[in-house]
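S.K.: My structure is below; once you've seen it, I'll send some questions.
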Amino acid sequence: MKRLITPILSAIIGAIAGASLVHKHEHEEVPRVHKLQYPLLLTGGSSDSPAAILPRGTSLYVDRAFPEGFVRYKVYINVEGTKLDTREATEKFWLDPLTATPLDKESLHSLLARFPLGKDDFSAALATGQLTKEEIRDLLRAYSD
């Protein structure tokens, strides 16, 4: 009798475990993603951190929308050539997101002085609709000098 109960009990436990795994897998959502069509200005971090560029073509994975009118995205970065020290997040609100915005005339002019932009990225930044034709002319004059 004991010989019969063990295989039956094992089969029942295995079936339950398998069913719960299948159920979990069926309800996993496919991540929503956006591929940047133009570079964005990145600000944040420490107060003295310079602005940087999130390049065109970067994949942004939707994390959460907020009632304040912004959406938080995740960006995956492969870090090579250095080892970063990690620690457990002990603070309740450990997220410290950067802010990404379209480039305006001043930020684009400032970034062009520090970062060489390729022709395609520069064209994409100009095509965002954030700049007037006069601002684009001014930038092209400054960029060509």
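The values are calculated or read from the model by the stated rules, or taken from the named source; none is laboratory data. On a predicted model such as this, the values are computed, not experimentally measured, just so you know. Virtual Cβ from ideal backbone geometry, glycine too; neighbours counted across all protein chains shown.
S.K.: Would it be correct to say that residue 56 is surrounded by 14 or more Cβ atoms within 10 Å (Cβ to Cβ) and in contact (Cβ under 8 Å) with a residue 60 or more places away in the chain?
M.R.: Answer is yes for this residue.
S.K.: Name the strands (runs of 3 or more DSSP E) wholly inside the range 59-145 in which the number of residues that are within 27 Å of residue 48 (Cβ to Cβ) and of a type in the set (A, V, I, L, M) is 2 or more.
M.R.: Because the criterion is at least 2 residues that are within 27 Å of residue 48 (Cβ to Cβ) and of a type in the set (A, V, I, L, M), no strands (runs of 3 or more DSSP E) in the range 59-145 meet it.
S.K.: Do we find a residue being basic (Lys, Arg), surrounded by 10 or more Cβ atoms within 10 Å (Cβ to Cβ) and without any contact (Cβ under 8 Å) to a residue 60 or more places away in the chain anywhere in the range 89-111?
M.R.: Scanning the range 89-111, I find at least one residue that is basic (Lys, Arg), surrounded by 10 or more Cβ atoms within 10 Å (Cβ to Cβ) and without any contact (Cβ under 8 Å) to a residue 60 or more places away in the chain, so the answer is yes.
S.K.: Might you check whether a residue that is modelled with pLDDT of 85 or more, surrounded by 13 or more Cβ atoms within 10 Å (Cβ to Cβ) and not aliphatic (A, V, I, L, M) occurs anywhere in the range 17-32?
M.R.: Within the range 17-32 (the criterion being modelled with pLDDT of 85 or more, surrounded by 13 or more Cβ atoms within 10 Å (Cβ to Cβ) and not aliphatic (A, V, I, L, M)), the answer is no, since none of the residues qualifies.
S.K.: Oh, and also: Please give the number of the condition residue 100 fails out of (1) over 21 Å from the mean Cα position of the chain (by Cα); (2) among the small types (Gly, Ala, Ser); (3) under 28 Å from residue 135 (Cα atoms).
M.R.: (1)
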